[in-house]
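Presented below is the structure to which this report refers.
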Amino acid sequence: DQQVKQNSPSLSVQEGRISILNCDYTNSMFDYFLWYKKYPAEGPTFLISISSIKDKNEDGRFTVFLNKSAKHLSLHIVPSQPGDSAVYFCAASRETSGSRLTFGEGTQLTVNP
Amino acid sequence: GAVVSQHPSRVICKSGTSVKIECRSLDFQATTMFWYRQFPKQSLMLMATSNEGSKATYEQGVEKDKFLINHASLTLSTLTVTSAHPEDSSFYICSASRETDTQYFGPGTRLTVL
């Protein structure tokens, strides 16, 4: 039972353009969502999070949008840079502290120069 | 801040042997540590959650006698894969968090069982 799903295994965008990574969840008890970035043979690095009481959180080039009614969240990266190329995981938790995370399968983002 | 290290980064062992992986929070005290495993092109799957000084809580389907977790201090947790078999070959990642903080991940350990 995959409670967090990232339906696009890969995404390729041009440098300077916007990257949009999507994530869907099924468990309505989730109330805290996070995005992590992962390079090969490394652990995930925290990027940005959002609580269910918000619908948008912005940090520099990264913005996360949450649509609770659709159980959908997305990560926007603008402008995209080649260094952003990595696997992006969305994760969800039932607790605001972010403990006990359920991860999606990940999306490989490639930003072409 | 919030740096988590893992040792070793890579280990190759023979089938039937035990392997210990260490996870350390270098610049903060972690009240909770988590252990995940990741198969190629798949998601990170939570194996267990451990709090300092208490027994680990294992996820459904994870054998606690095979994957021994010890959380001896607020900065160190260990995962021992006992009697390892080729199907245990995977990427094992730990994470650590403070009381009401997000999880910070270690760099992972690649285990290959021959």
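The values are calculated or read from the model by the stated rules, or taken from the named source; none is laboratory data. Note that the coordinates shown come from a computational prediction; the quantities given were computed from them, not determined experimentally. Cβ placement follows ideal geometry from the backbone for every residue including glycine, while neighbour counts extend to all protein chains displayed. Surface accessibility is based on the protein's heavy atoms, side chains included, excluding ligands, DNA and RNA. Shrake-Rupley method; radii C 1.70, N 1.55, O 1.52, S 1.80 Å.
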Residue that is nearest to the chain's Cα centre (by Cα), among those in the stretch B:23-61 that are among the hydrophobic types (A, V, I, L, M, F, W, C) and open to solvent by 80 Å² or more (accessible area, probe 1.4 Å) = B:Met45
B:Gln6 being at pLDDT 95 or above and surrounded by 15 or more Cβ atoms within 10 Å (Cβ to Cβ) = yes
inquiry  = Under 7 Å between Cβ atoms, which residue pairs at least 6 apart in sequence (or on different chains) link something in the stretch B:5-29 that is in contact (Cβ under 8 Å) with a residue 12 or more places away in the chain with a partner that is among the acidic types (Asp, Glu)?
reply    = B:Gln6/B:Glu22; B:His7/B:Glu22
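So which residues in the stretch B:58-114 are β-branched (Val, Ile, Thr) and more than 21 Å from A:Thr102 (Cα to Cα)? Don't jump to the end; show me each part of the working.
The initial filter retains those residues of the stretch B:58-114 that are β-branched (Val, Ile, Thr), namely B:62, B:69, B:75, B:78, B:80-82, B:93, B:100, B:102, B:109, B:112-113.
Answer for the stretch B:58-114, where residues must be β-branched (Val, Ile, Thr) and more than 21 Å from A:Thr102 (Cα to Cα): B:Thr75, B:Thr78, B:Thr80, B:Val81, B:Thr82, B:Thr112, B:Val113.
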request  = Mind telling me which of the residues B:Lys64, B:Lys20, B:Lys14 ends up being modelled with pLDDT of 95 or more and either surrounded by 13 or more Cβ atoms within 10 Å (Cβ to Cβ) or in contact with a Ser or Thr (Cβ under 6 Å, 6 or more places away or on another chain) (or both)?
outcome  = B:Lys20
inquiry  = Filter the stretch A:58-87 down to the residues that are of a type in the set (Ser, Thr, Tyr) and touching a Phe, Trp or Tyr at 6+ places or on another chain (Cβ under 6 Å) and list them by number.
reply    = A:Ser74
Failed condition for A:Leu66, given (1) away from chain B (no Cβ under 14 Å); (2) open to solvent by 70 Å² or more (accessible area, probe 1.4 Å); (3) free of Cβ contacts under 8 Å to residues at least 60 places away in the same chain = (2)
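Mind listing just one residue for me: the one in the stretch A:43-56 that is more than 23 Å from B:Gly106 (Cβ to Cβ) and within 13 Å of chain B (Cβ to nearest Cβ) and, of those, least open to solvent (accessible area, probe 1.4 Å)? Break it down into steps so the answer makes sense when it comes.
At the first step, the residues of the stretch A:43-56 found to be more than 23 Å from B:Gly106 (Cβ to Cβ) are A:50-56.
Filter once more, so that each one left must be within 13 Å of chain B (Cβ to nearest Cβ): A:50-51.
Working: A:Ile50: 3, A:Ser51: 29 Å².
Selected residue: A:Ile50.
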task = Starting from residues that are farther than 12 Å from A:Ala91 by Cα and surrounded by 20 or more Cβ atoms within 10 Å (Cβ to Cβ), keep the ones in the stretch A:1-42 and report whichever is nearest to the other protein chains (Cβ to nearest Cβ).
result = A:Lys38
task = Can you tell me which residue within the stretch B:1-18, out of those that are more than 13 Å from chain A (Cβ to nearest Cβ) and touching a Leu at 6+ places or on another chain (Cβ under 6 Å), is nearest to A:Lys38 (Cα to Cα)?
result = B:Val11
ask   = When you go through (1) within 28 Å of B:Ser90 (Cβ to Cβ); (2) aliphatic (A, V, I, L, M); (3) more than 14 Å from chain B (Cβ to nearest Cβ) one by one for A:Ala92, which number turns out not to apply?
value = (3)
query = Which residues, counting only those in the stretch B:66-114, are under 23 Å from A:Phe46 (Cβ atoms) and part of a loop (DSSP other than H, G, I, E, B)?
reply = B:Leu74, B:Thr75, B:Arg98, B:Glu99, B:Thr100, B:Asp101, B:Thr102, B:Gln103, B:Gly106, B:Pro107, B:Gly108
ask   = Can you find even one residue in the stretch B:4-20 that is touching a Pro at 6+ places or on another chain (Cβ under 7 Å), part of a loop (DSSP other than H, G, I, E, B) and farther than 16 Å from B:Thr109 by Cβ?
value = yes
ask   = If you go through the stretch B:32-46 one residue at a time, do you hit one that is over 18 Å from A:Thr45 (Cα atoms), within 14 Å of chain A (Cβ to nearest Cβ) and part of a strand (DSSP E or B)?
value = no
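Would you point out the residue of the stretch B:81-98, among those that are within 14 Å of chain A (Cβ to nearest Cβ) and farther than 15 Å from B:Ile69 by Cα, that is most open to solvent (accessible area, probe 1.4 Å)?
Quick first cut of the stretch B:81-98, residues within 14 Å of chain A (Cβ to nearest Cβ) only: B:90-98.
Next, from what is left, pick out any that are farther than 15 Å from B:Ile69 by Cα: B:90-91, B:97-98.
Working: B:Ser90: 4, B:Phe91: 8, B:Ser97: 6, B:Arg98: 87 Å².
Once the filter is applied, the top-ranked residue is B:Arg98.
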